[in-house]
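Bear in mind that the values in this text are calculations on the coordinates, not laboratory data. What you see is a predicted model; the values in this text were computed from it and never measured. Reconstructed Cβ throughout: ideal geometry from the backbone, glycine too, with neighbour counts over all protein chains shown.
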Amino acid sequence: IFFVHRASPSARGLCIPTRAVCDAETIFALSSGHGRCGVAVVRVSGPASSMVLRNMAGLTQALPPPRTALLRRITDPKSKELLDRGLVLWFKGPHSFTGEDSAEFHIHGGPAVITAVLQALGSLEGVRPAEAGEFTRRAFHAGKLGLTEVEGLGDLIHAETEAQRRQALRQMDGELGRLYQDWSYRLKRCLAHVEAFIDFSEDELIEDGVLNQVDSSVRQLETEIERHLKDERRGERLRTGVQVVIAGATNAGKSSLLNTHRVPPSRGTTRRPLVEREGVRRARQRVEQADLTLVVVDSTQLPPDPQLVAAFLQQHLSTVLPSPEAGMTAASDKVLLVLNKSDLVPEEQRERTEGELRERPGLPPACFLSCSTSTGLEDFLTVLQSRVKTLCGDPLSGAPSLTQARHRAHLQQSVQALNQYHQYRDQDLALAAEGVRLALTHLGRITGRVGAEEILDIIFRDFCIGK
Amino acid sequence: MLAQKLHLLRHNVLSFVSSRTGSDFTRRQYDVIVVGGGHAGTEAAAAAARLGAETLLITQKIMTIGALSCNPSLGGVGKGQLVREVDALDGLCGRAGDAAGVHFSILNRSKGPAVWGPRAQLDRERYRQFIQSELLSTPRLTVLEGSVDELLVSQPNPEEPGHHRVTGIRLVDGSHPILSSSVVLTTGTFLSGSLFMGQTTSPGGRMGDAQSCAGLSYTLKETLGLRVGRLRTGTPPRIVKESVDLSLAQLQAPDKQPTPFSFLNTHTRCKPEEQLPCYLTHTTPGVERVVRESVHLNCHIQQDAKGPRYCPSIESRVLRFPGRRHQVWLEPEGLTSDLLYPQGLSMTMPPELQLRLLREIPALHRAEIRTPGYGVQYDFVCPTQLTPSLQVKSTQGLFLAGQINGTTGYEEAAAQGLWAGVNAGRTALSLPPMALSRTQSYIGVLIDDLVGRGVTEPYRMFTSRAEFRTYLRPDNADLRLTPRGFEEVGCVTLRRYKKAVSVRDGLQEALMALQSVALSSTRWREKLGNISLSENKSTTLNGLDLLQYKDVSFEMLASAFPECLSQYFEYSQRLKIEAVYRPHCEKQSREMERIRSEESLSLPSDMDYLSLPVSLSQEVREILDRVRPNTLGAATRLPGMTPAGIIHLLNYVLRTGFMHML
């Protein structure tokens, strides 16, 4: 009983293209369960599915016959790097689950492989990670689902979104979450300020400078997100291992630390000791390239007055680490301080020093330990493990790779949308604002939806609107 | 006989109901009764009558039909879009604006045609006259002066949802009821309204008018059990023009060439050179001082009823944003009026302090007040209790529109009035109700926001509320709405329909003609001179591609290809706009499609969410139970709703056969 739908061709407004003109986006998702499993199924649906198969399964000429499994090498479409060897299937629409052209990749279930395949999919033009329930939604709209199917899928999706939600919550607590939230907040303000300028500047005192501020905020955000996209190597780390460098003065205990053999040979972690007496320049270069640096200090060399220790360590780090311009500072999460030979320091002094260092922003976490007596080693390993986990994502909990690929795609689309802002800034502010809105929508898929009311709240908080 | 009991003011009514015969005065049965003669009521009555329903408009004072109670202006950013859409559906306010405007301007001219805001200062007298004579000449419409005391309700039709069915109304001093199939309430601020000025409070919805509708409030709250909330608004003092030193204010000229609101008009009644200017001035620290000194004498500002954040009184402005200059617009009230309207100076302090405050502004240092400003507090019915057709969910045949739904503004009221009138008429004529999609119109956005989310402060339209702003433009409202308004809704007259169809066909042809001229970018540069095209030399571009470029106008293309393009000169502006926005709208069309298909899945209004035998979390159940979304689309927009919850709902709706999908 609704007025709106299915316009007759004659009633169609000039702007509404027919379906043929507007291709639906192509989506993908890990369809098998999360966690470790023997075989993982990645499903692709949408008009670009055949392109995806061609690009990733090396099927340059003909597609395989529909609904027939084919063993193929699965490669990265850009780098042509081999990702896995697995089964691919091709479903020609409408004979597929969603009614659209679809493809399936049956690959090995390891997190590194899944990550790699999902990231490769996300890098293809016009292909994006599916939203929760999107396959079902498409199937439903194509008239593919019966009642029982919808019911069963509801529970499945519930399970899936619950897992995603828990995962998102976990991530949102972390540093990455704070980063995304911060971007989202700043983007919201940008949008609110553009919208204020559009909706109110004719009647209200909204300074012309507002848009210039937005210009520079948008540029700043673009730079940060792009840098983040470049920096973020977690997926790669999972595949290639984490580079850990142990640095420190002669006799601080670097080799002892390495030789304790208690540093866990955890999956994919390669150990690369920093050879002593390497030139300072080369040493720094190594540190710069490392994913994690353990700076080993001889505790007996610390100033006996605990209050002076922080400054001492600060100074020490600046000699060991590359200059801050290289993007590495003492506060970076890529550094751990190891205060070795703790057994040679009086216990009271150690405790007071520990207390002093606990409250220090700007200094990486410091662990007292003794390589000779193994005191403090357990605590150090816990800290180290959590660092490595942060660097790689935790392969055992949920599906970090899935979330990662999703994030990556949304962030990339955000940056693209922000380009539209600059492109139209002087020509058509409505279209420029659309760019910011779109960027926020993509970021919102990571951090949560942003509604019109929220934007209005910012407008009314930041401006005196009083017509 | 009844006529006497109903207190007909004969001299007025005779002129009003001249389209009817005398015996019709005694008519006691109508298809539709509209209560209230403001922007919502007049549009509702006219729309119902256009649909073919015998319609009665009841108002407390016939003379105030079409009165502009507050600001003498129409349109603006977001609001102008609403006016264009109401006009596209053959409503009154666009044409009334063209007849009454004395100062036309397109706001946001430099910001892109999607957000242009057509606006006009109005001559109050001309506006009222236009609306009254329109109603007079509308067939099947009768106007009656009176106060409604009671809504008559009876048992519901068991085949439809709802606990009651409206059967008509009873007037304050009429013992005989007047019966109808539907009733539209557009009572504005008169529902338990009270007026505030300084420390005095009096019952009423507008200064100088009769009291509030106490009986109606009772019926709505007690009999029908509707939840109501309380909002406030206000109006500034009116200033004697002669007492203002306009040389101390900044003159704001209108557009040289007025742009009409209505798609039917090529020009406005007011000639370009007859237009009146506005004036801009600012508040001073003295204004803030007077406000601070008078807070204790100001009941209204101390009350906590919710006022709009975007149209606050000068008191709340300076209290919220102290130490700033605030803009004050001095607007003409009409060609012959000796008053000025100080936009931005709505206030509720005692009159002597209002005068002191005004005189703190240099241009107003000798200002005289004709009527002081005052505040109003009034009840509104929480609009989540309505369906997208603006019908009360629990009461068959009862429709609400305008401030009673928690909105503010003439344009918002007119838009709802029109849509409520359409559906009241359809219900009376036994046609199914209709909804407007938020993907197709600002009216759809407005109604969807109201019934889907409710209001916490007076709701005003902004362009930022519309997701598909680049498609919902003022220039294409006729294409979006007029053909359907005729073919499917029935509220558009044949004349307007024909015009819209010819425009649509003309544009279509012109677009095809543009696409038919294709050249390489090198050749285009040769033909059009020095334009910057980003494409490389060999790319072939057609005329429509080219028109997207900032420096390219339709006129340039037409002079390059006069034989196939020059006949479309009349559409040059619309073609340019279409060319720029088309690619973006195409990108959005998938999202539009999705929203529309979800909007088309309606959820039964009497669903028992708390005990629904499907797997939903308690949290989601409570949200659904509180808001009771009308469609699956509205449910997806609820905060806290999960994708899994949506699928479960979908499943339930499918299974129980409640789905209505076109």
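FRET efficiency for the B:HIS267 to B:THR371 pair, using the beta carbon distance and R₀ = 35 Å, is estimated at 0.55. Neighbours of B:LEU565 by Cβ distance under 15 Å: Lys/Arg scored +1, Asp/Glu scored -1, total -3.
What is the packing order of peptides B:571-578, A:72-79, taking the mean over residues of other C-beta atoms within 10 Å and listing the highest first?
Values: B:571-578: 20.1, A:72-79: 15.8.
Descending packing order for the listed peptides: B:571-578, A:72-79.
Stretching B:VAL240 away from B:THR201 to a fully extended chain increases their span by 11.5 nm, per 0.36 nm per residue minus the current alpha-carbon distance.
Shielding value for B:315-328 is 2, the average number of Cβ atoms from other chains within 10 Å of each residue's Cβ. Taken one residue at a time, the phi angles of segment B:616-627 give Karplus couplings (6.51, -1.76, 1.60, θ = phi - 60°) of 9, 6, 4, 4, 5, 4, 5, 4, 4, 5, 6, 8 Hz. Gly and Pro are set to x.
Place the peptides B:271-281, B:337-347 in order of packing, highest mean first, counting for every residue the other Cβ atoms within 10 Å and averaging per peptide. The partial results should precede the final answer.
Numbers: B:271-281: 15.9, B:337-347: 23.6.
Sorting B:271-281, B:337-347 by mean packing, highest first, produces B:337-347, B:271-281.
Of the GluC sites (Glu not before Pro) in segment B:158-262, the ones in a loop by DSSP (not H, G, I, E or B) with at most 12 other beta carbons within 10 Å are B:GLU159.
Other residues with beta-carbon under 9 Å from the beta-carbon of B:CYS93 carry, at +1 per Lys or Arg and -1 per Asp or Glu, a net charge of -2.
With contacts defined as alpha carbon pairs under 8 Å and 6 or more residues apart, what's the relative contact order of segment B:198-342 in percent?
Working: 142 pairs, mean separation 45.1, N = 145.
Here the relative contact order equals 31 percent.
When you filter the GluC sites (Glu not before Pro) in segment A:27-116 for DSSP loop state and at most 14 other Cβ atoms inside 10 Å of their Cβ, you are left with A:GLU81. Starting from the Cα-Cα distance between A:GLN181 and A:ASN212, subtract it from 0.36 nm times their residue separation and give me the gain in nm to one decimal. Additional length available on full extension: 8.8 nm.
Amide H contacts of B:VAL376: B:PHE196, B:THR233, B:GLY234, each under 5 Å away and 5 or more positions distant or on a separate chain (H built 1.01 Å from N in the peptide plane; Pro and chain starts excluded). Mean partner shielding of peptide B:439-449, defined as the number of other chain Cβ atoms within 10 Å of each residue Cβ, is 1. Backbone amide hydrogens, once placed in the peptide plane, bring B:LEU400 within less than 5 Å of B:LEU185, B:VAL392, excluding anything fewer than 5 places away on its chain. The alpha carbon centroids of segment B:468-499 and segment B:227-291 are separated by 30 Å.
What's the average, rounded to a whole number, of partner chain beta-carbon atoms within 10 Å of each residue's beta-carbon in B:574-586? Intermediate values should be presented prior to the final figure.
Values: counts 1, 1, 0, 1, 2, 0, 5, 6, 3, 2, 9, 6, 5.
Mean partner shielding for this stretch: 3.
Whole-Hz Karplus values for segment B:445-461 come out as 4, 4, 5, 5, 4, 5, 7, x, 10, x, 10, 10, 8, x, 8, 10, 7 Hz, taken residue by residue from phi with 6.51 cos²θ - 1.76 cosθ + 1.60 and θ = phi - 60°; glycine and proline positions read x.
Going down the table (A:LYS78/B:LYS550; B:LYS256/B:LYS527; B:LYS241/B:LYS271; A:LYS188/B:LYS111; B:LYS271/B:LYS576; A:LYS188/B:LYS393), which pairs top 29 Å between alpha carbons? Pairs exceeding the cut-off: A:LYS78/B:LYS550; B:LYS256/B:LYS527; A:LYS188/B:LYS393.
Take the Cα of B:ARG523, step 7 Å along the line toward its Cβ, and report every residue of segment B:539-582 whose backbone nitrogen sits under 17 Å from that point. Residues passing the 17 Å test: B:539-547, B:557-565. Amide H contacts of B:VAL153 (H built 1.01 Å from N, in plane; Pro and chain starts excluded): B:THR167 sit under 5 Å, all sequence-distant by 5 or more or on other chains.
Loop-resident chymotrypsin sites (Phe, Trp or Tyr not before Pro) (DSSP state other than H, G, I, E or B) in segment B:108-173 with no more than 11 further Cβ atoms inside 10 Å of their Cβ are absent.
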